[in-house]
Every structure is written in structure tokens, then in C-alpha cells.
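See structure below.
The numbers here are math on the coordinates, done by the rules we state, and not lab data. What you are looking at is a predicted structure, and each value in this text was computed from that prediction instead of being measured. No Cβ is skipped: glycine too gets one built from the backbone with ideal geometry, and neighbour counts run over all protein chains shown.
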């Protein structure tokens, strides 16, 4: 199996969509994940570090749930034709995040967490914003949505 490269995401590297609240939510999420990534990089398995990473993961989950809910509401309000596909991606991503958090809480396996946070999730997030979110925002704007 090919090793994935670490993907660095920040406000300059992710695409902008046509709706400000979506961009702002994406930037907030990146801040949360980048903080988590910094804590992972500094990890020495102390109790304080375990607790901090657990808190970072809960912060991420606490941000992701309303993030996806707000986008789902936008798609429903504007009649976005690919609502089912986009909302299903949200559901799958949320289940995956919850599973990653549970695995961390059960085992404190930093390698698995590192792989998800620094490789798998950034690749998914960049692709999701570039496709699903881009099209959702474009459709909503074309159909009268204003921030």
C-alpha cells in the first residue's frame, strides 16, 4: 500500500466557495484541526497530552455537527438537486470522525490518529470543499441565496 503524504491545509490552500458562512466555517474547522495536529506532533503520552487531544477531538466534533447541519439546511432551503449525495457524505464523514474519536479514547493510538488527522481527513476535506461544497454554494447563489 502506498504511504499517503501529510497534507497541510490552511485558509490559503483550500478553495473559496461563493457563500461566506461556508468559507468561515471551513476556516474555523481548519483552526481546530491544525491545533489538534500541533498537539499530535508534540505528543509524548503524558496524561495532560492525552486529555488535551481528547478535548481537541471533542471540540472538532462539536464544530463539525453544526457545520454539516447548516450546509444541509442550505441545500434543503434552496432545493439543491444533489442534496442526498452531499448530505450522505456529511453523514459518512461524521460517522468516521466519531469512530476515530472512539478508537482514540479506547487505545490512545497516536499513529492511527495521526494518519486520520494529517492524511486521510485533509484529503477528504479538500476534495469535499472542491466538489460538493463548491457546487452547493454556486447553486444556492444562482437560486437567490444571500449571506
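Extent along the principal axes, Cα only, for region 7-75: 43, 24, 14 Å, with the longest axis given first. Region 77-147 and region 37-66 have their alpha-carbon centroids 19 Å apart. Considering helices alone, the calculated mean residue ellipticity of the chain at 222 nm is -23500 deg cm²/dmol, with DSSP H runs of length four and up weighted by -39500 (n - 2.57) and normalised per residue. So what is the relative contact order for the chain, in percent, with contacts set as C-alpha pairs under 8 Å and at least six apart? About 42 percent, as a whole number.
Within region 40-76, list the residues whose amide N lies under 19 Å from a label point set 7 Å along Cα→Cβ of residue 85. Inside the label zone: 71-76.
Per the Debye formula on identical point scatterers at the alpha carbon atoms of the chain, with no solvent, log10 I(q)/I(0) at q = 0.13 Å⁻¹ is -0.60.
For the pair residue 138 and residue 10, the difference between a 0.36 nm per residue extended length and the Cα-Cα distance amounts to 43.9 nm. A straight chain from residue 54 to residue 127 at 0.36 nm per residue would run longer than the Cα-Cα distance by 23.7 nm.
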